Protein chains: 2
Amino acid sequence: MTINITPVVNEFESPDLRLAGWTRSIKRSVLREMLAVVSRPGILSFAGGLPAPELFPAKEYAQAVNVTLSRDKEALQYGPPYPPLKGHIVDLMAQRGVACYEEQVFITTGAQQALNVLTRLFLDRGGAVLIEELVYTGIQQALAGYEAEIITVPTDLELGMETDAVESHLLAGLRPAYVYAIPEAHNPLGVSLSEARASRLVELARKYGFPIVEDDPYGFLTYDKEATPPLRSLDDRWVIYVGSFSKILAPALRLGWMVVPEYLVPKLTVLKEALDLETSAFIQRTVAEYLEAGHLPSHLNQLRDEYRLRRDTMLASMERHFPPVARWTNPSGGMFIWVELPGHVDTTELLTIAVEEEHVAYIPGSAFSVNSGIIGSSLSDRSDNCMRLNFSNSSPEEIERGIVRLGRILHKHC
Amino acid sequence: MTINITPVVNEFESPDLRLAGWTRSIKRSVLREMLAVVSRPGILSFAGGLPAPELFPAKEYAQAVNVTLSRDKEALQYGPPYPPLKGHIVDLMAQRGVACYEEQVFITTGAQQALNVLTRLFLDRGGAVLIEELVYTGIQQALAGYEAEIITVPTDLELGMETDAVESHLLAGLRPAYVYAIPEAHNPLGVSLSEARASRLVELARKYGFPIVEDDPYGFLTYDKEATPPLRSLDDRWVIYVGSFSKILAPALRLGWMVVPEYLVPKLTVLKEALDLETSAFIQRTVAEYLEAGHLPSHLNQLRDEYRLRRDTMLASMERHFPPVARWTNPSGGMFIWVELPGHVDTTELLTIAVEEEHVAYIPGSAFSVNSGIIGSSLSDRSDNCMRLNFSNSSPEEIERGIVRLGRILHKHC
């Protein structure tokens, strides 16, 4: 079996239609292409960022659908944001340590839409945005096409975003349209922001007057202790919280939310209408029904128990089978472990070997690099020797087998 | 009861956060505000553009959900566009007289997302777009914030878009990023483009090399004869077809599609990912299951029969109860009738009277005017004396009663 995971840039040109100039810089999503390649049958893949499908509450959600469709004629109609769903989100936020009220909750078609709407809201053409060097590709995609100045800061693998580096940029005069952060169980790094750095970042936002976009898809998925309260619990004026049902219920619901200062809601409403008119009334009402039926707490416990087991299985197996030169993060939540190999190892090249020789896959670190990824263009990066491993979408047995295989590859090439 | 339907522009300013400059020009959606006001209990409203909720195939769709959720673990997971749904869309397009294949079908989160993605794809900052003077507000929203030069052409109430006016602009040097058209059962005007003008428009697109964005939400809802085949049946290179399940199944599915030249799909994929990652795999699979079960043809027949009855009831009732100075369109499909009153009548002022005195509502014509609406700023327009009436969302009995009431208002004020 041979695979080709080299990103193909602009391999197609429009033979007829004149396209907007900026679309010439559009790159295909390397991540999506890799995922397509490594999701072939027979490959043990730690590549994706997918939840475990066998844990989806399909039966309970089907019940919620049946109750809703039999009772509520408006469930298939156009409709405004559904207040009972907002009420349940206020309750969820309280569990996360955040006090808010329904008028601050803004429903979105998944968290990705929130990132898009917030970029439209805050970013002037040519304005600056501050993000981490290695970060979720979705924020990079949301920023493409705005001619934004992308300022990056490093991330410490134990303490999270380097807030000293943030302050240096601010002292040098940077006034970002926003700072993007994933404080809990960072994707791809699996690190959580320390409480000291969280406080520091919020203080900087207040002092310099910039919004923090806090992306919290994994905040309800922590495995060792209570999750750290989000940045939004420290400040309700400068922190915009972005939440998602994708990882705690199901991605195919395409349902997310923001908690924002109330005065932003009218503008956000108009921006969102331009994108997709509204978020499905059907999905909003069925999820509200699922939550009303009280299924979520036990479901979250089940997710935490199972993902904790998978994480622990992967970490223990890595300990046994990876060479001592490999280092990795120890995530307290989320879905990912970040692995650093010696500097001479190129994990993009290694992926081809891993898939061909051992039928095991991961995502090379450079896929998440702002400098070598969707926005930037340099071809080398300090993440070239790194990989992201997902532990949520494989059974403990698959994790064991896959890590043994990957260990053999690493022993050969590190 | 008093109502206030004056659009409030920029009534809020950000007390803290610095917003992107262009957001200062954001106006609240007048249409949405009016709809909120006139949807109070006790008001007979012809204002919205809503399908009849009592005709939603809730039972058959619930069956499709139950079958899908019990059988298909991937239905709640992240997932790529679902090929069986594309196959059904190819079949639907064939019924509309369009030959296409699955690789040309692009799934969207409703048709509004298609308009957004196409605007991003074709429109350079400061570029021009050609649309009709009176047109669906969603396209106006999709264009807001791009600093587009909006060129408008009039619409003949019997033959549709004035293609002579389109050609005049082209002869004068205009090269639009795209031309937007609703050839079948225009919203808000209820007119269908004549076959001669359809051919002419497509010839102009070929000759001058611009794409036509063909919005066809009502193409399956025609009541007198076979629907005219869409522009896409005349040309597969220059016409981008936009379709929607909102009016033929249910709006809350938020499911639409495009038929595009195949070479555009990779770029569209990246543009769409930035907006919302992907369209719900759950919705795609359940709608495919509904279609696979063969429910749609009889459902469409039922919709056509009932909407035909409602249209005919409204037209006959208008004939009996409206003053002779009122003129209106005779739509062969869709959901709307357009009414022109004498020039001195201001239908925005009249709406307040209609709601207060007779508890009946419509949408004033100016809500759809590009010049006085979302993008433009002038306050007077040739649509100020017009109104749009919806006939799909009221029972024949309600239509009778509402038209009697509206007739009394018109007799007093025309």
If the chain between A:GLU162 and A:ALA196 were fully extended at 0.36 nm per residue, the gain over the current Cα-Cα distance would be 11.1 nm
The answer for A:VAL153, listing residues at least 5 apart or on another chain whose modeled amide H is closer than 5 Å to its amide H, is A:ILE131, A:GLU132, A:GLU133
On the formula 1/(1 + (r/R0)^6), with r taken between the Cβ atoms of B:LYS207 and A:ASP124 and R0 of 35 Å, the FRET efficiency rounded to 0.05 is 0.35
Each label sits 7 Å from Cα toward the beta-carbon; between A:VAL325 and B:ASP312 the label points are separated, in nm, by 8.3 nm
A convex hull over the alpha carbons of the stretch B:297-369 yields, per residue, a volume in Å³ of 118 Å³
Log entry: pair-distance distribution for the stretch A:68-122, C-alpha pairs binned every 10 Å from zero, whole % per bin is 20, 38, 35, 7, 0
Kirkwood calc, chain B, C-alpha pairs only, radius in angstrom 22.3 Å
In the stretch A:60-292, taking the dipole from +1 charges on Lys and Arg beta carbons and -1 charges on Asp and Glu beta carbons about the Cα centre, the listed residue (A:VAL287, A:LEU253, A:VAL67) farthest towards the positive end is A:VAL67
Taking only C-alpha positions in the protein assembly as shown, Rg and Dmax in angstrom work out to 27.2, 91
Any residue on another chain or 5+ positions along whose placed amide H is under 5 Å from the amide H of B:SER246 is listed here as B:LEU255
Computed ³J(HN,Hα) along the stretch A:291-301: with the Karplus parameters 6.51/-1.76/1.60, θ = phi - 60°, integer Hz and x for glycine or proline, the list is 5, 4, 6, x, 6, 5, x, 5, 5, 5, 4
Rounded to the nearest 500, the 222 nm mean residue ellipticity computed for chain B from DSSP H runs (n ≥ 4, each -39500 (n - 2.57)) alone is -11500 deg cm²/dmol
Quick calc, chain A, dipole around Cα centre from Cβ unit charges on Lys, Arg (+) and Asp, Glu (-), nearest 20 debye, gives 340 debye
quick shape note, the stretch A:60-292: Cα extents on principal axes in Å, largest first -> 60, 42, 27
A convex hull over the alpha carbons of the stretch A:253-356 yields, per residue, a volume in Å³ of 226 Å³
HN-Hα couplings for the stretch A:168-182 via Karplus (6.51, -1.76, 1.60; θ = phi - 60°), in whole Hz with x for Gly/Pro, come out as 4, 4, 5, 5, 7, x, 4, 10, x, 4, 6, 10, 9, 9, 10
Residue by residue through the stretch A:328-337, the couplings from Karplus 6.51 cos²θ - 1.76 cosθ + 1.60 with θ = phi - 60°, in Hz, x for Gly and Pro, are 8, 7, 10, x, 8, x, x, 9, 10, 10
Partner shielding of B:70-82, taken as the mean number of other chain Cβ atoms within 10 Å, equals 5
Here the averaged projected area of the stretch B:173-312, based on the convex hull of its alpha-carbon atoms and given in nm², is 10.3 nm²
Partner shielding of A:62-68, taken as the mean number of other chain Cβ atoms within 10 Å, equals 3
Cross-link reach from A:LYS267 to lysines, straight Cα distance under 20 Å and at least 8 residues apart if same chain, gives A:LYS86, B:LYS27
Residues whose modelled amide H sits under 5 Å from the amide H of B:ILE363, counting only those 5 or more places away in sequence or on another chain, are B:ARG388
Note: A:192-205 gets an average of partner chain Cβ contacts (10 Å, Cβ to Cβ) equal to 0
With a Förster distance of 60 angstrom and the Cβ-Cβ distance between B:SER395 and A:SER298, calculated FRET efficiency to the nearest 0.05 equals 0.85
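Where a number appears in this text, it was derived from the coordinates with a stated rule and is not lab data. Given the structure is predicted, the values throughout are model-derived calculations rather than measurements. Neighbour counts run over all protein chains shown; Cβ positions are idealised from the backbone, glycine included.
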